[in-house]
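Student: Structure in structure tokens, see below.
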Amino acid sequence: MIKRKLLGQHFLNSKSIAELIVTEAEISKTDVVFEIGTGLGILTPLLCKNAKKVISVDADENLIRKAKSRFNQFDNLTLKSGDGFKKKDEFSIFISNLPYSRSKDAIEWLAQNSFSHGVIMVQKEFAEKLVATSKNRRAISIIATYAFDIKKISNVGKNNFSPPPKIDSVILKISKKTILNKKLILTINNIFSYRRKTVKNILKQFNKQSTIEKRIDDLSGDEIISLAKQILEK
């Protein structure tokens, strides 16, 4: 359990919440489901019931070994150990109780992938950051709201996990709107490192010219995306 704490991972122990996640995922017999964080396998067998194929990945080899033993009756299940965010599998639906330490990485990775929709569980604080507006926005807010439609499904109390985290979680449904490439994502992050500067002065950092005196907090999400694209233009 100590290793899982270091990874920022907490095991969901509520069957009713697991069932809610699977219901919201709206899995059909044509779907390939990609699950990051097999964990103790509370979601995996439920996913297998409806999907064409389930690919479930966990960083802990021991958990994958146990899952292979427990779920060998599912011929539509592929279990893999390793870093799920480095896998190249194609999928239509994404499912994860995201490790808290990897939530930002996960959203940026998902923004670069082609899929239909997903259901994710994240820390309440991180969920608020994803949909934040104006001065509360971060780079990840712009990336997330540009790449996905985000719908809050339910709050999940910390007592539904083992070991319990320090903060409550939120289930979100994300539907893919558009794909962002890695360079654009990096540029959006760079822009936010200059958020106190005006657009004019931000563009100077990238040898570009502008007369716009607005700051990042005064721009819409689409305007920030346009600014990032302008920076990337040769």
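Student: State whether one or more residues within the range 186-193 are outside any loop (DSSP other than H, G, I, E, B) and more than 15 Å from SER141 (Cα to Cα).
Tutor: no
Student: Test each condition in (1) in contact with a Ser or Thr (Cβ under 8 Å, 6 or more places away or on another chain); (2) surrounded by fewer than 15 Cβ atoms within 10 Å (Cβ to Cβ) for ILE167 and report the one that comes out false.
Tutor: (1)
Student: Okay, moving on. Just wondering, is there one or more residues in the range 72-82 that are among the hydroxyl-bearing types (Ser, Thr, Tyr), surrounded by fewer than 20 Cβ atoms within 10 Å (Cβ to Cβ), in contact with a Ser or Thr (Cβ under 6 Å, 6 or more places away or on another chain) and farther than 24 Å from PRO164 by Cα?
Tutor: Let us first name the residues in the range 72-82 that are among the hydroxyl-bearing types (Ser, Thr, Tyr), namely 78, 81.
From what is left, the residues that are surrounded by fewer than 20 Cβ atoms within 10 Å (Cβ to Cβ) are 78, 81.
Filter once more, so that each one left must be in contact with a Ser or Thr (Cβ under 6 Å, 6 or more places away or on another chain): none.
Scanning the range 72-82 turns up no residue that is among the hydroxyl-bearing types (Ser, Thr, Tyr), surrounded by fewer than 20 Cβ atoms within 10 Å (Cβ to Cβ), in contact with a Ser or Thr (Cβ under 6 Å, 6 or more places away or on another chain) and farther than 24 Å from PRO164 by Cα.
Student: Checking the conditions here, which among TYR194, TYR146 is outside the structural domain of TRP109 (by TED's automatic domain parsing) and surrounded by 17 or more Cβ atoms within 10 Å (Cβ to Cβ)?
Tutor: Sole residue among the options that is outside the structural domain of TRP109 (by TED's automatic domain parsing) and surrounded by 17 or more Cβ atoms within 10 Å (Cβ to Cβ): TYR194.
Student: Could you tell me how many of the residues in the range 23-41 are touching a Leu at 6+ places or on another chain (Cβ under 7 Å) and part of a strand (DSSP E or B)?
Tutor: Going through the range 23-41 one residue at a time, the tally reaches 2.
Student: Within the range 65-75, is there a residue that is within 12 Å of the chain's Cα centre (by Cα), over 21 Å from SER154 (Cα atoms), assigned to a loop (DSSP other than H, G, I, E, B) and modelled with pLDDT of 95 or more?
Tutor: Here is the first cut: in the range 65-75, the ones within 12 Å of the chain's Cα centre (by Cα) are none.
Within the range 65-75, none of the residues are within 12 Å of the chain's Cα centre (by Cα), over 21 Å from SER154 (Cα atoms), assigned to a loop (DSSP other than H, G, I, E, B) and modelled with pLDDT of 95 or more.
Student: Residues in the range 66-85: is at least one among the hydroxyl-bearing types (Ser, Thr, Tyr) and under 23 Å from ASN189 (Cβ atoms)?
Tutor: Just the residues of the range 66-85 that are among the hydroxyl-bearing types (Ser, Thr, Tyr), to begin with: 69, 78, 81.
Then drop every residue that is not under 23 Å from ASN189 (Cβ atoms), which leaves none.
Within the range 66-85, none of the residues are among the hydroxyl-bearing types (Ser, Thr, Tyr) and under 23 Å from ASN189 (Cβ atoms).
Student: Just wondering, is there one or more residues in the range 154-166 that are aliphatic (A, V, I, L, M), in contact with a helix residue (DSSP H, G or I) (Cβ under 7 Å, 6 or more places away or on another chain) and not in a helix (DSSP H, G or I)?
Tutor: First pass over the range 154-166, keeping only residues aliphatic (A, V, I, L, M): 156.
Going one step further and asking which of them are in contact with a helix residue (DSSP H, G or I) (Cβ under 7 Å, 6 or more places away or on another chain), we end up with 156.
Those still in the list that are not in a helix (DSSP H, G or I) too: 156.
Yes, because at least one residue in the range 154-166 is aliphatic (A, V, I, L, M), in contact with a helix residue (DSSP H, G or I) (Cβ under 7 Å, 6 or more places away or on another chain) and not in a helix (DSSP H, G or I).
Student: Filter the range 41-60 for residues that are modelled with pLDDT under 95 and more than 21 Å from TRP109 (Cβ to Cβ) and give the result.
Tutor: ASN50
Student: Please go through (1) assigned to a helix (DSSP H, G or I); (2) free of Cβ contacts under 8 Å to residues at least 40 places away in the same chain; (3) of a type in the set (Lys, Arg) for LYS88 and return the number of the only condition it doesn't satisfy.
Tutor: (1)
Student: Have a look at LYS229, LYS200 and point out the one that is in contact (Cβ under 8 Å) with a residue 40 or more places away in the chain and assigned to a helix (DSSP H, G or I). Steps first, answer last, please.
Tutor: Values: LYS200 fails: in contact (Cβ under 8 Å) with a residue 40 or more places away in the chain.
Answer to the check: LYS229.
Student: Kindly evaluate SER226 against the criterion of being polar (S, T, N, Q), in the same structural domain as GLU26 (by TED's automatic domain parsing) and within 30 Å of SER114 (Cα to Cα). Please lay out each step first, then the result.
Tutor: Working: polar (S, T, N, Q): yes; in the same structural domain as GLU26 (by TED's automatic domain parsing): no; within 30 Å of SER114 (Cα to Cα): yes.
Spelling it out, it is not the case that SER226 is polar (S, T, N, Q), in the same structural domain as GLU26 (by TED's automatic domain parsing) and within 30 Å of SER114 (Cα to Cα).
Student: Residue by residue through the range 218-234, note down the ones that are of a type in the set (Asp, Glu) and surrounded by fewer than 13 Cβ atoms within 10 Å (Cβ to Cβ).
Tutor: Within the range 218-234, the first condition is being of a type in the set (Asp, Glu), and the residues that meet it are 218, 222-223, 233.
The answer is ASP222, GLU233.
Student: What is the residue count in the range 197-217 for residues that are exposed (fewer than 14 other Cβ atoms within 10 Å of the Cβ) and either closer than 23 Å to PHE126 by Cβ or among the small types (Gly, Ala, Ser) (or both)?
Tutor: Of the residues in that region, 1 qualify.
The values are calculated or read from the model by the stated rules, or taken from the named source; none is laboratory data. Note that the structure is a prediction, hence the values are computed from the model and not measured. Here the Cβ is made from the backbone with ideal geometry for all residues, glycine too, and neighbour counts use every protein chain on show.
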